[in-house]
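Chemist: A single structure is presented below for examination.
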Amino acid sequence: MNLDKVEAEDLHAFARDLAVKNFGREIYIRGLIEISTYCKSNCYYCGLRLANKNTKRLRLSKEEILDLASYSVDLGIKTIVMQGGEDDFYSLDYLKEIIYHIKEKFPDVAITLSLGERDFQDFEALKNMGADRHLLRHETYSKSHYQRLHPSSMKFENRIDSILKLKDLGFQTGCGMMVGSPYQRLENLYEDLKFILKLRPQMVGIGPFIPQHDTPFRDFEGGKLEDVLKILYIVRIADEKLLLPSTTALGSIDEFGREKGILAGANVLMPNVGAEKLRKNYKLYDNKIGTEVQNSDDFMGLEKKLEKIGYKISKSRGDYK
Ligand code: SAM
Ligand code: SF4
């Protein structure tokens with residue numbers, strides 16, 4: 001055996017074959033609804049941070065969210081992801097109402113929350129109300145690195161405890177990190193991988209860090225496509241059943257980034273089904289691509305892109321098996 005001859009392409013193929021073994025050549029689709037550009041947090045990397053005075057703040061009402069959920073279901077999408085800044089407008093009761101109405105109308109649709117940290121009692125109540133999944137990236141498993149990415153009011157311990165709590169409550173839980181975030185070292189990614197192997201989450205969100213011009217990290221270099229693809233195939237090889245999105249951020253740094261992510265072992269896409277007013281202002285980072293599916297033509301466009309690489313859209317809800 002000569003390992004010198006093992007190229008990145010072989011590892012992509014190996015990871016891809018593992019994904020195909022578990023999911024077929026089918027990609028799970030999540031309808032991403034960005035619900036708010038308000039955020040009370042101040043992560044140094046994100047354009048929605050509270051201190052950014054140049055972001056237009058907008059949010060969706062319960063009725064608007066229900067309309068978009070209904071629209072997603074019409075397209076055949078069976079998972080809705082509600083994502084946004086940490087916005088206290090969405091009180092526990094308000095969120096519970098939204099979940100209640102979506103589940104009442106579409107009992108078979110999975111609801112994923114990605115609204116940042118909350119009280120643990122809130123997480124529990126939202127789970128009891130019928131939320132199925134929760135995404136909360138750990139961002140880095142190094143306390144010192146975490147503190148360089150966030151102000152001191154944001155605590156590494158709380159982030160990790162929140163993720164553990166979500167998993168404990170029975171949410172299909174997603175953690176994740178940016179590749180190439182400022183001050184990241186190779187050993188940080190190694191610690192991230194060890195954390196993933198210990199936590200055994202159902203999902204891991206991995207994308208490149210991309211600088212945003214109104215944040216303190218505006219002058220840092222962004223993460224590189226090849227590095228993200230490497231981490232994707234390593235994570236796929238580490239856990240063949242994981243739900244692994246090929247992220248919008250990956251598609252934002254390379255025209256075919258999302259396709260390349262799938263060919264390195266990813267099996268989930270999260271196109272934007274949200275309202276236009278939010279999409280234009282949901283600027284986490286610069287040059288974010290539009291991934292919107294605003295009508296059935298867009299949806300067919302997505303299907304065609306997948307067909308070109310030999311994949312198709314899965315009709316299933318895409319739960320973790
Ligand atoms: N507010 C929620 C939270 O922080 O979990 C959900 C929305 S937040 C915008 C979702 C993810 O976007 C974050 O976990 C972070 O990893 C990613 N993100 C934020 N700014 C980014 C940037 N400049 N480049 C790449 N990803 C970024
Ligand atoms: Fe707010 Fe999330 Fe952005 Fe942090 S990453 S500033 S919590 S929207």
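Chemist: Given contacts defined as C-alpha pairs under 8 Å and at least six residues apart, what's the relative contact order of region 153-203, whole-number percent?
Modeler: For region 153-203, the relative contact order is 46 percent.
Chemist: Also, I was wondering about something else. Near the amide H of Ala275, under 5 Å away, which other amide H atoms are found, from residues 5 or more places off or on another chain, if H is placed in the peptide plane?
Modeler: The list, which skips near neighbours in sequence, is Glu34.
Chemist: Provide the solvent-accessible area of Lys312, counting protein heavy atoms only and rolling a 1.4 Å probe, rounded to the nearest 10 Å².
Modeler: Looks like 110 Å² after rounding.
Chemist: Return P(r) of region 199-255 (all Cα-Cα pairs; 10 Å bins starting at 0; whole %; ordered from short to long distances).
Modeler: 22, 44, 26, 7
Chemist: A follow-up question, please. Would you please classify the overall shape of region 80-204 from the alpha carbon gyration tensor, given that a ≥ b ≥ c denote the square roots of the eigenvalues, rounded means a/c under 1.5, and beyond that prolate means a/b larger than b/c while oblate covers the rest?
Modeler: Judged from the Cα gyration tensor, region 80-204 comes out prolate (a/c at least 1.5, a/b above b/c).
Chemist: Can you give me the relative contact order of the chain as a percent, contacts being Cα pairs under 8 Å and 6 or more apart?
Modeler: It rounds to 26 percent for the chain.
Chemist: While we're on this one: Using the crude model of +1 on Lys and Arg Cβ and -1 on Asp and Glu Cβ, and no other charge, please compute the dipole size for region 222-279 relative to its Cα centre, in debye to 20.
Modeler: I would put it at about 140 debye.
Chemist: On each of the three principal axes of the Cα atoms of region 155-203, give max minus min coordinate, whole Å, ordered largest first.
Modeler: 33, 22, 14
Chemist: Along the charge dipole of region 161-229, Cβ charges K/R +1 and D/E -1, which of Met177, Ile206, Leu164 sits furthest on the positive end?
Modeler: Of the candidates, Leu164 comes out farthest on the positive side.
Chemist: Which cross-chain or sequence-distant (5 or more) residues have an amide H under 5 Å from the amide H of His138, H modelled 1.01 Å from N in plane?
Modeler: Excluding prolines and chain starts, which carry no amide H, the hits are Gly176.
Chemist: What residue among Glu187, Glu34, Glu97 has the largest mean-square fluctuation in a Gaussian network model of the chain, using Cα springs under 10 Å?
Modeler: Glu187
Chemist: Another question, if that's okay. Let me have the 222 nm mean residue ellipticity of the chain computed from DSSP H runs of 4+ only, each contributing -39500 (n - 2.57), with the sum over all residues rounded to the nearest 500.
Modeler: Taking each H run of at least 4 residues, the total per residue is -12500 deg cm²/dmol.
Chemist: Please list Glu221, Glu117, Glu124 in order of solvent-accessible area, largest first, computed with a 1.4 Å probe with all protein chains present.
Modeler: Descending order: Glu221, Glu124, Glu117.
Chemist: Report the antiparallel proportion of the DSSP beta bridges in the chain as a percent, rounded to a multiple of 5.
Modeler: 5 percent
Chemist: Assigning unit charges at the beta carbon (Lys, Arg +1; Asp, Glu -1) and nothing else, what dipole magnitude in debye, to the nearest 20, does the chain show about its Cα centre?
Modeler: The dipole magnitude comes to about 180 debye.
Chemist: Restricting to Cα atoms and excluding each atom paired with itself, what does the Kirkwood estimate give for the chain in Å?
Modeler: 19.8 Å
Chemist: Out of Tyr90, Ala110, Gln121, whose Cα points farthest toward the positive end of the dipole of region 75-128 (charges: +1 Lys, Arg; -1 Asp, Glu; placed on Cβ)?
Modeler: Value computed over the given set: Ala110.
Chemist: Along region 200-209, what does the Karplus equation 6.51 cos²θ - 1.76 cosθ + 1.60 (θ = phi - 60°) give for ³J(HN,Hα), rounded to whole Hz, x for Gly and Pro?
Modeler: For region 200-209, the Karplus-derived couplings read 6, x, 8, 9, 9, x, 10, x, x, 5 Hz, x marking Gly and Pro.
Chemist: What percent does the relative contact order of region 32-171 come to when contacts are Cα pairs within less than 8 Å and at least six residues apart?
Modeler: 24 percent
Chemist: Can you figure out the FRET efficiency of Asn54 with Tyr190, using R₀ = 35 Å and their beta-carbon distance, to the nearest 0.05?
Modeler: 0.45
Chemist: Is any residue of region 63-80 close enough, with backbone N under 17 Å, to a label point placed 7 angstrom from the Cα of Asp319 along the Cα-Cβ axis, and if so, which?
Modeler: From region 63-80, the list is 78-80.
Chemist: Using +1 at the C-beta of Lys and Arg and -1 at the C-beta of Asp and Glu, which of Asn54, Ile262, Tyr233 has the Cα lying farthest in the positive direction of the dipole of the chain?
Modeler: Checking the options against the dipole of the chain, the answer is Tyr233.
Chemist: Quick one: check the C-alpha center-to-center distance for region 174-197 versus region 252-321, whole angstrom.
Modeler: Rounded to whole Å, the Cα centres lie 24 Å apart.
The values are calculated or read from the model by the stated rules, or taken from the named source; none is laboratory data. The shown structure was predicted, so the numbers you read here are calculated from the model rather than taken from an experiment. Cβ coordinates were reconstructed from backbone atoms using ideal geometry, including for glycine residues, and neighbour counts include every protein chain displayed. These area figures cover heavy atoms from the full protein model, side chains too; ligands, DNA and RNA do not enter into them. Shrake-Rupley method; radii C 1.70, N 1.55, O 1.52, S 1.80 Å.
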